[in-house]
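One structure is given below, encoded as structure tokens.
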Ligand code: UD2
């Protein structure tokens with residue numbers, strides 16, 4: 001009896017050990033499977049995780065000289081508060097040139113999408129600078145928003161159309177807008193808004209980093225490299241490559257920038273030289289010497305031929321370049 005009891009207790013303990021061992025094996029197996037599942041799951045959901053990871057550590061958010069670099073997920077709380085504080089809405093002027101064929105082809109979409117996305121709730125006045133004011137489309141504008149067409153001379157060369165914008169904008173802001181606008185934004189017309197622009201974009205001098213060069217170093221930037229030009233930036237110098245398609249700021253910021261850029265253009269004209277990328281080269285020189293107070297990421301003027309996955313959220317997209325169709329002179 002005792003032996004049977006002893007035998008059964010030994011068998012019982014053995015069974016218990018076997019059960020425990022089996023349990024351990026099953027648990028280990030399940031844990032192993034589970035960890036494989038987690039691993040595979042991570043792979044499946046990687047884009048989201050990578051987005052979270054990328055928007056925080058991978059994008060530079062501050063320049064070496066302390067200027068914020070605004071990505072679409074950045075909001076400047078101080079500015080949000082000032083807009084929400086119950087004071088009068090901020091007054092923002094948009095300048096956009098639509099000369100020759102650029103008017104029909106690009107202006108309607110530029111304006112239509114601006115009404116959907118650009119600083120909603122603000123007082124926005126569009127200044128369309130064109131050789132053909134009667135062709136400016138009539139579009140529905142939200143309350144507090146208006147449009148003014150201004151006739152400008154059509155230069156024969158597209159290069160001069162682009163460069164002379166700097167003088168026209170400087171004159172307009174200095175003569176008419178100072179005191180009437182809080183901020184001025186200057187846009188190329190061959191682009192359209194694809195996401196909201198909020199108070200995060202406002203600053204005293206605002207420049208946008210060119211989509212084609214945001215992940216590259218200054219040695220690759222197409223700065224003007226001839227020392228003879230006022231736009232010259234030496235190899236090894238430079239901060240970012242800025243896109244002339246979007247810039248802005250407060251009135252004095254825009255007057256100083258456009259005057260400074262145009263001074264460089266005039267100096268080059270006097271020497272019979274034209275910078276490699278025209279106003280854009282001079283704009284890059286100006287913002288190298290006079291650091292902008294805010295930089296916008298390339299999401300604010302995006303090249304659609306690049307993968308959207310390279311940035312969190314595209315806020316403005318430029319059209320594919322169709323120079324033969326839209327430029328009237330080579
Ligand atoms: C061009 C030049 C670049 C620089 C830049 C100015 C090339 C490859 N690059 O790039 O060197 O000068 O312009 O930002 O050529 N516009 C008109 N009518 C015209 C021409 C221009 O309204 O006939 C206005 C319009 O708002 C346009 C802007 O000027 O969006 C810039 O011209 P663009 O779009 O032809 O020049 P972009 O950006 O391809």
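The values are calculated or read from the model by the stated rules, or taken from the named source; none is laboratory data. Values in this document were obtained by computation on a predicted structure and should not be read as measured data. All Cβ positions, even for glycine, are placed from backbone atoms using ideal geometry, and neighbour counts span all protein chains on display.
Cβ-Cβ contacts under 6 Å between residues 6 or more apart (or on different chains), taken from a first residue in segment 263-284 that is touching a residue at least 40 places away in the same chain (Cβ under 8 Å) to a second residue that is away from the ligand (no atom under 14 Å from the Cβ), are listed as 273/228. Of the residues making up segment 224-240, those that are part of a loop (DSSP other than H, G, I, E, B) and within 12 Å of the ligand (Cβ to nearest atom) number 1.
Residue by residue, here is whether (1) more than 10 Å from the ligand (Cβ to nearest atom); (2) assigned to a strand (DSSP E or B); (3) modelled with pLDDT under 95 holds:
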position: 106; (1), (2), (3): no, no, no
position: 111; (1), (2), (3): yes, no, no
position: 121; (1), (2), (3): yes, no, yes
position: 124; (1), (2), (3): yes, yes, no
position: 127; (1), (2), (3): yes, yes, no
position: 134; (1), (2), (3): yes, no, no
position: 149; (1), (2), (3): yes, yes, no
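Which of the residues spanning segment 165-202 are free of Cβ contacts under 8 Å to residues at least 12 places away in the same chain and within 13 Å of the ligand (Cβ to nearest atom)? First the steps, then the outcome.
Of all residues in segment 165-202, those free of Cβ contacts under 8 Å to residues at least 12 places away in the same chain come to 171, 175-176.
Answer for segment 165-202, where residues must be free of Cβ contacts under 8 Å to residues at least 12 places away in the same chain and within 13 Å of the ligand (Cβ to nearest atom): there is none.
In segment 253-273, the count of residues that are at pLDDT below 95 and surrounded by fewer than 22 Cβ atoms within 10 Å (Cβ to Cβ) is zero. Does residue 156 count as part of a loop (DSSP other than H, G, I, E, B) and in contact (Cβ under 8 Å) with a residue 40 or more places away in the chain? Here the answer is yes, as residue 156 does meet what is asked. Each residue in segment 287-311 was checked for being away from the ligand (no atom under 16 Å from the Cβ) and surrounded by 16 or more Cβ atoms within 10 Å (Cβ to Cβ), and 8 of them qualify.
Is one or more of the residues making up segment 208-221 within 24 Å of residue 267 (Cα to Cα) and crowded, with 22+ Cβ neighbours inside 10 Å?
Of the residues in segment 208-221, the ones within 24 Å of residue 267 (Cα to Cα) are 221.
Among the residues that remain, those that are also crowded, with 22+ Cβ neighbours inside 10 Å are: none.
Scanning segment 208-221, I find no residue that is within 24 Å of residue 267 (Cα to Cα) and crowded, with 22+ Cβ neighbours inside 10 Å, so the answer is no.
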